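Down below is the structure, laid out as structure tokens.
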Amino acid sequence: MRIGIDLGATKIIAGIVDNNGRVIKAYKIPTERSDGYERVIDRVITLIHTIVRKGKLHWNDIERIGIAAAGQIDKDSKTVIFSPNLRWHNVPIKQDIERAFKIEVVLENDVNAATYGEWKFGLQERFSNVIGVFVGTGIGGGLMINGKLYRGYQHVGGEIGHMIVNPHGYPCHCGTSGCFEAYCGGSYIIERVQKFIQKGYRGKLWDIIQGKVDELHVGHIEEAYCLGDSLCKNIWEEVIEYMGTGLASLVNLLNPEVIVMGGGVIQGTKFLITDACNVMERRAMKASIKDVRIEKAQFGDTAAIMGVAFISD
């Protein structure tokens with residue numbers, strides 16, 4: 001058995017994975033990133049103990065613990081160099097988890113792991129060139145090129161969310177401005193809408209959320225857009241345009257066979273993929289987009305767990 005951990009900005013998911021990639025049991029807890037790195041790692045360690053106990057495993061049954069973490073991973077020290085959404089700099093997560101359990105720990109970027117999981121267990125027999133675009137709190141990306149995960153020279157490549165789509169655009173948590181993530185990441189979209197609500201905006205959106213501003217999510221914004229809410233119309237049309245433009249840029253650059261789209265924003269909306277694909281088809285070069293497929297991720301929250309349980313250097 002292997003244990004996979006998906007450590008994201010809002011939630012931590014742990015799963016027991018068998019040798020066929022099936023997730024036998026999975027548990028989810030909030031990340032509570034505001035508590036800081038040490039407290040988050042304590043929560044990860046406690047979650048691993050819990051899943052081993054509830055799964056009725058012995059420690060010698062566990063071949064590997066895989067950690068899929070949001071952020072850039074140093075290829076030598078296996079630390080998280082920088083995670084904008086977790087707000088971490090140079091944290092030794094691999095060493096800390098290995099010290100706690102004396103079991104081999106593999107550390108990988110979360111969306112690399114999710115892309116690999118989607119490819120290995122869903123697409124491998126049909127496709128070799130796959131781009132993963134996972135839209136949640138921010139936007140993460142993974143690249144499978146000729147059947148191999150592409151990490152870049154220093155293993156920090158594939159940062160699709162930090163492609164610059166407008167150099168004079170919205171500020172991004174990475175420290176620059178105009179990133180793909182800053183336009184289409186879930187937390188950024190919600191923040192823009194909440195600012196207008198806090199200034200007194202009311203409309204169809206207010207009725208949808210029944211005044212519960214803290215419970216607002218992107219699905220509400222899309223729903224209000226479809227009903228003609230003026231604020232959501234402006235904001236959601238911008239999201240669609242930039243999402244499609246970002247996809248078109250990826251198609252022009254990499255000419256993939258498939259773009260796999262997943263994450264909470266994709267799962268929580270009904271028409272975003274279709275609407276963004278219309279923009280992509282309008283903007284991409286004809287030869288580059290010919291026969292490119294857009295598919296919704298199959299494995300949801302378990303893709304990164306499955307991927308990091310089996311991924312290799």
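Throughout, read-outs are computed from the coordinates displayed, never taken from laboratory work. The model shown is predicted, which means the values in this text are computed figures rather than measured ones. Don't worry about glycine lacking a Cβ; one is built from the backbone with ideal geometry, like all the others, and counts go over all protein chains shown.
Here are a few things to note about the model shown:
- Nearby lysines by direct alpha-carbon distance to Lys286 (threshold 30 angstrom, same-chain neighbours under 8 apart not counted): Lys120, Lys148, Lys233, Lys270, Lys296
- Relative contact order (%) - criterion: Cα under 8 Å, at least six apart; region: segment 247-299: 62 percent
- Beta bridge orientation in the chain: antiparallel %, DSSP, nearest 5: 60 percent
- [x] 32, 24, 18; [y] 40, 24, 18; [z] 39, 28, 16, with the label sought being that of the calculated semi-axes √(5λ) of the Cα gyration tensor in Å: [x]
- Of the complete DSSP H runs in the chain, those spanning 20 angstrom or more by Cα along the long axis with a mean Kyte-Doolittle score not below 0.5 are 230-254.
- Cβ-based exposure ranking for Val106, Val130, in which fewest neighbours within 10 Å come first: Val106, Val130
- Lysines with Cα under 18 Å of Lys290, excluding same-chain neighbours fewer than 8 positions away: none
- The order of His49, His220, His58, going from fewest to most other C-beta atoms within 10 Å of their C-beta, is His58, His49, His220.
- Student exercise, segment 116-297 dipole from Lys, Arg, Asp, Glu Cβ charges, in Debye to nearest 20: 220 debye
- Put in order of Cβ neighbour count within 10 Å, fewest first, the listed residues Met1, Met280, Met144 become Met1, Met280, Met144.
- Taking each of Lys28/Lys56; Lys25/Lys54; Lys11/Lys199 in turn, the alpha-carbon distance tops 20 angstrom for Lys11/Lys199.
- Computed on segment 116-297, with alpha-carbon pairs under 8 angstrom and 6+ residues apart, the relative contact order is 22 percent.
- Each of Thr176, Gln267, Gly200 was scored by the projection of its Cα onto the charge dipole of the chain, and the greatest displacement toward the positive side belongs to Gln267; charges sit on the C-beta of Lys, Arg, Asp and Glu.
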